[in-house]
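Nothing in this text is a laboratory measurement; each read-out follows from the coordinates by a stated rule. All values derive from a computational prediction rather than experimental measurement. Virtual Cβ from ideal backbone geometry, glycine too; neighbours counted across all protein chains shown.
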Amino acid sequence: MCGILGLIDPGQAVVSELYRGGLALQHRGQDGAGLVVFDSRFHRLSGLGLLSELFRFKDPKNYPGSLGLVQLRYATAGEGSAEEVQPFVLSFPNGLALIHNGNLTNDASLRKLLEQRGYRRVNSLSDSETLLHVYADALTRQRALELSGLPRLPESAPENNEDLFEAARLTMMTCQGAFSVVMLIADRGLLAFRDPHGIRPLCMGRQGQKVAFASESVALDVIGLPLERDLLPGEAVFVDMQGNVHCRQLIPARPAHCVFEYIYLARPESVIDGHSVSAVRERLGQCLASRCTTANELQVVFDVPSSAEDAAISFAREVDLPYRKGIRKNPYSQRSFIAANQALRAGMVGTKFLFEKRVIDQQAVAVIDDSIVRGTTARRLVESLRQKGAWRVYFFSASPPVRHTCVYGIDMAVSSELAASTRNLEEMTHEIGVDHLQYQTLADLEDCLQGLPLCTACFSGNYPTAVDAEELEDIGRARAKVSAGAA
Ligand code: SF4
């Protein structure tokens, strides 16, 4: 998972708005941040850590240009080094910069292919750099056709930007997995495209000639751009230097949107693929309550802050119990789920949550969480609640058991780390140490999304793209190496 934002505003410097919009996406990645703007050349700034840290001693005037990109990195490929922080930039062809959210499942074979051709080497371990080279390769081929002097179809002339769309189409055909992409093409404009399944989100905001592409609509809110629409799966949108918008459906759409965006990843204020994230979370809480068989044993409802808050409030309303703040989040702690390894995660749970004995002591508490992935957070929370005097602890997961790895850019690629991959309900109840455990059913989860075509692979094992066993192992091995190395 990463946060990406591209912005073009003809005649205006965009760096300040990129910064503000980027801050609104910081929840999507805290490993690193990077920005590039373009006037007559690329001005790039990147590093490990938060976006605010990156800009602490920087003067925005040194980053001129009316178009640019910003990315908030959450490492799901590579080693998490500074070299892997986006945007990636290439000077040939044209001058290209790229930001990407997602994960390529065929990264290893693409690298081999690029190297075999003998003229492209992917320098970092990031699959986003691979993606940039694949696009650059496709665009170079378009240029070679031009230079050969061979007759071309009129619609492939650069003047009408069909060369950019054709390169995007070839990239979509070549890459597998999840990729929401925004590219800056020197002297030509911004190009955005989304993989044919639209696994990761990407929306567009526009006011006059000012246009932005963002992972979540909350970034558009912050920079004052109305949400126009989401890019369709398999679609590319190009905005030229005058702010004119050109759209192409390059590959037939086979939508399978990541359901985890609604459960946990996205901010509640965002609207993704036509669905309000907070409204989905409220429905998740209602569904949990409708199947709750222990309501008369409960006294108070807590959420695990903050992505379960909306679900907990609606759950409490449905079972007619008070919703209280028994668990609060330390705002200066990072999200533990996206910490780089298990040791860091375990340590962070202890500092991330603060508990109020006054509302916990002697109570039978219902704890609503968005999901149980590794079980680390749930186990530590339950221990802390008991230390603060909770009489009984009932745990409710707003999503079904996470049993399968995610190969599309969420850090759940090592199946042995998923607590429910080898445990049934009774074993999970014991594992996290609760008196009662209830999961959302997959059918109820799908109902809460009201017919939206979904990827639910981490719950169901049904992957929307072809993923062979070797690729699964490659991705799992790479993540395990990062966890072990950083630990
Ligand atoms: S496997 Fe799960 S987390 Fe990964 S894209 Fe699909 S729904 Fe999202």
Inter-label distance, nm, simple model (7 Å from Cα along the C-beta direction), SER52/ASP435: 4.0
- request: Report the local net charge at ASN424: Lys and Arg +1, Asp and Glu -1, summed over other residues whose C-beta lies under 15 Å from its C-beta.
  value: -1
- prompt: Using the per-residue mean of other Cβ atoms lying within 10 Å as a proxy for protection, in what order, highest first, do the peptides 300-306, 247-253, 269-275 fall?
  reply: 300-306, 269-275, 247-253
message: Below 19 Å, Cα to Cα, which aspartates and glutamates can LYS210 reach? Residues fewer than 8 away in the same chain don't count.
response: ASP9, GLU17, ASP39, ASP187, ASP221, GLU228, ASP230, ASP240
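What FRET efficiency would be calculated for the residue pair GLU83, THR351, taking the C-beta separation as r and a Förster radius of 35 Å, to the nearest 0.05? Walk me through the numbers before you get to the answer.
Working: r = 29 Å, r/R0 = 0.83.
After rounding to 0.05, the efficiency reads 0.75.
Multiply the residue separation of TRP391 and ARG20 by 0.36 nm, subtract the distance between their alpha-carbon atoms, and state the gained length in nm to one decimal. Intermediate values should be presented prior to the final figure.
Numbers: separation 371, 0.36 × 371 = 133.56 nm, distance 4.47 nm.
Full extension from TRP391 to ARG20 adds 129.1 nm.
Can you tell me the dipole magnitude for the range 276-486 around its Cα centre, using point charges on the Cβ only (Lys, Arg +1; Asp, Glu -1), in Debye to the nearest 20? Please report the intermediate quantities before stating the final value.
Numbers: 24 positive and 26 negative charges, 201 e Å.
It works out to roughly 960 debye.
Quick check: residue separation of ARG229 and SER276 times 0.36 nm, minus the Cα distance between them. What number comes out in nm?
Full extension from ARG229 to SER276 adds 15.6 nm.
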message: As a test, work out the antiparallel percent of DSSP beta bridges whose residues both lie in the range 276-486, rounded to the nearest 5.
response: 15
query: Relative to the longest principal axis of the chain, what angle (0 to 90°, nearest 10) does the C-alpha long axis of helix 309-319 take?
result: 40
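When the helices in the chain are scored as -39500 (n - 2.57) per DSSP H run of 4 or longer and the sum is shared across all residues, what 222 nm value do you end up with, to the nearest 500 deg cm²/dmol?
Details: 15 runs with 152 residues, N = 487.
For the chain, the value works out to -9000 deg cm²/dmol.
If you take the beta carbon distance between ASP59 and ARG141 as r and set R0 to 30 Å, what does 1/(1 + (r/R0)^6) give as a FRET efficiency, to the nearest 0.05? Spell out each step's value before the answer.
Values: r = 40 Å, r/R0 = 1.35.
Working from the Cβ atoms, E equals 0.15.
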message: Give me the extension gain from GLN116 to TYR332: residue separation times 0.36 nm, minus the current Cα-Cα distance, reported in nm with one decimal.
response: 73.1 nm
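Evaluate the relative contact order of the chain (contact order divided by residue number), counting alpha-carbon pairs under 8 angstrom at least 6 apart; express in whole percent.
Values: 1123 pairs, mean separation 63.1, N = 487.
Once divided by the residue count of the chain, the mean separation gives 13 percent.
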task: Please say if the chain is rounded, prolate or oblate, where rounded means a/c under 1.5 for a ≥ b ≥ c the square roots of the C-alpha gyration tensor eigenvalues, and otherwise the choice is prolate for a/b larger than b/c and oblate otherwise?
output: prolate
